[in-house]
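See structure below.
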Amino acid sequence: MKRRIETATSRTAQMTCLSRACSAFESDDHYKSGDTIAPLLIPGFIKSLLHIALVRKLFSRMVAPKGIYEYVIARTKYIDAAFEQALAERFDQILIFGAGFDSRALRFQDKAQNTQIFELDVPITQQAKIGQYHNRQLEVPANLTFIPIDFDKETLPEKLDAAGFRKQRRSLFVLEGLLMYLQPESADATLRTIRDYAGKGSRVVFDYVHASVLRNEGAHYGESEIFKTVSSAGEQWHFGIESGKLEQFLSAYELNLMDHKDAKALEQAYFSEPDGKVVGKVNSTHCLVTAEKG
């Protein structure tokens, strides 16, 4: 039986795009993200509704699982910063895995002209995004290459070689909202490819879910709601990392931990007032990581 992502656009990718579009209209800086492209990629009538504060509040409190709206905003800001830092340091290449409706190649194009950017995703979702770019008359930058791939069925090295990705160059690898959806063997193969293709000083930015979430232990804020949501979307989670095992996990791929943020750290970084008051609670099933190739 074919999986849903083989026959239809990813629902979780659409929901992430909708969350980013919603946050683009927020007036509170804690909740406002810099994704100005996302509102252009959603239906016009939904975009009109998102201008209304009450609609945004209903979406964040009643449609999105607990703390996921806050998590997507924090994750977007975190990876935007890593993306811009790589451009500032003149990384040769940026590779975005499971890109969905990611728009960073367009949003940061003024700084990215000397960096080759590759986006990988399942064919149907990738084509839906390209179609939206065309329909909205958004120009695809010359330095952006799309690579269609099913991570669970196709060979990543062959895809990268065919697309012109250059081995051993200083590169940024972005795995946003991807690893948890892969089978464990596919997650391992993906990270082994990064290990083999990354030049010294390359960085990997990714998020992961706690392995306990896959066992339905119920230890995290918003766990039951988000697990139910992704499962009902036909895009189940299969991969997680055990608490306290992150550095050991990274060492297998010759990666050194630079930064690790759980929900509390994300709240402090993105949803705290100067007096320390937290104004947004982040779903705690996920963590964000930056690691560097030694």
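What about Ala211, is it more than 20 Å from Tyr78 (Cα to Cα) and in contact with a strand residue (DSSP E or B) (Cβ under 9 Å, 6 or more places away or on another chain)? In short, yes. The helices (runs of 4 or more DSSP H) located wholly in segment 193-294 that include 3 or more residues which are within 18 Å of the chain's Cα centre (by Cα) and touching a residue at least 12 places away in the same chain (Cβ under 8 Å) occupy 223-232, 263-270. Reported count of residues in segment 77-88, each being in contact (Cβ under 8 Å) with a residue 40 or more places away in the chain and surrounded by fewer than 24 Cβ atoms within 10 Å (Cβ to Cβ), is 5. Screening segment 77-95 for residues that are among the acidic types (Asp, Glu) and in a loop (DSSP other than H, G, I, E, B) and picking the one that is nearest to Asn143 (Cα to Cα) gives Asp92. Checking every residue in segment 233-245 against the condition of being modelled with pLDDT under 95, out of contact with any Pro (no Cβ under 7 Å at 6 or more places or on another chain), among the charged types (D, E, K, R) and open to solvent by 10 Å² or more (accessible area, probe 1.4 Å) gives at least one match.
Of the residues that make up segment 146-163, is at least one among the polar types (S, T, N, Q) and within 30 Å of Pro39 (Cα to Cα)? Scanning segment 146-163, I find no residue that is among the polar types (S, T, N, Q) and within 30 Å of Pro39 (Cα to Cα), so the answer is no.
Per the listing Tyr270, Tyr208, Tyr253, the residue uniquely in contact with a helix residue (DSSP H, G or I) (Cβ under 6 Å, 6 or more places away or on another chain), of a type in the set (Phe, Trp, Tyr) and more than 28 Å from Lys32 (Cβ to Cβ) is Tyr253. Go through Ser243, Ser232, Ser251, Ser272 for me and flag whichever is closer than 25 Å to Lys200 by Cβ and of a type in the set (Gly, Ala, Ser). It is Ser251. Taking the conditions (1) open to solvent by less than 30 Å² (accessible area, probe 1.4 Å); (2) within 29 Å of Ala8 (Cα to Cα) in turn, Gln183 satisfies each one other than (1). Under 22 Å from Arg104 (Cα atoms), assigned to a helix (DSSP H, G or I), out of contact with any helix residue (DSSP H, G or I) (no Cβ under 9 Å at 6 or more places or on another chain) and of a type in the set (A, V, I, L, M, F, W, C): does that describe Ala74? No: the conditions fail for Ala74.
The helices (runs of 4 or more DSSP H) found wholly in segment 1-71 and carrying at least 1 residues that are of a type in the set (D, E, K, R), in contact (Cβ under 8 Å) with a residue 40 or more places away in the chain and open to solvent by less than 40 Å² (accessible area, probe 1.4 Å) occupy 11-24. Residue check: Ala99 meets all listed conditions (1) assigned to a loop (DSSP other than H, G, I, E, B); (2) open to solvent by 20 Å² or more (accessible area, probe 1.4 Å) but one, namely (2). Look at Phe101 and say whether it is closer than 24 Å to Gly201 by Cβ and either more than 21 Å from the chain's Cα centre (by Cα) or not hydroxyl-bearing (Ser, Thr, Tyr) (or both). Taking the combined requirement at face value, the residue does not satisfy it. Taking the criterion of being touching a residue at least 12 places away in the same chain (Cβ under 8 Å), over 17 Å from Asp102 (Cα atoms) and surrounded by 13 or more Cβ atoms within 10 Å (Cβ to Cβ), the residues of segment 120-166 that qualify are Asp150, Phe151, Asp152, Leu156, Pro157, Lys159, Leu160, Ala163, Phe165, Arg166.
Restricting attention to segment 246-268, the residues being open to solvent by 50 Å² or more (accessible area, probe 1.4 Å) and closer than 25 Å to Lys293 by Cα number 10.
The values are calculated or read from the model by the stated rules, or taken from the named source; none is laboratory data. Given the structure is predicted, the values throughout are model-derived calculations rather than measurements. Here Cβ is always computed from backbone atoms with ideal geometry, including for glycine, and neighbour counts include all displayed protein chains. All accessible areas refer to the heavy atoms of the entire protein, side chains included, with ligands and DNA or RNA removed. Shrake-Rupley method; radii C 1.70, N 1.55, O 1.52, S 1.80 Å.
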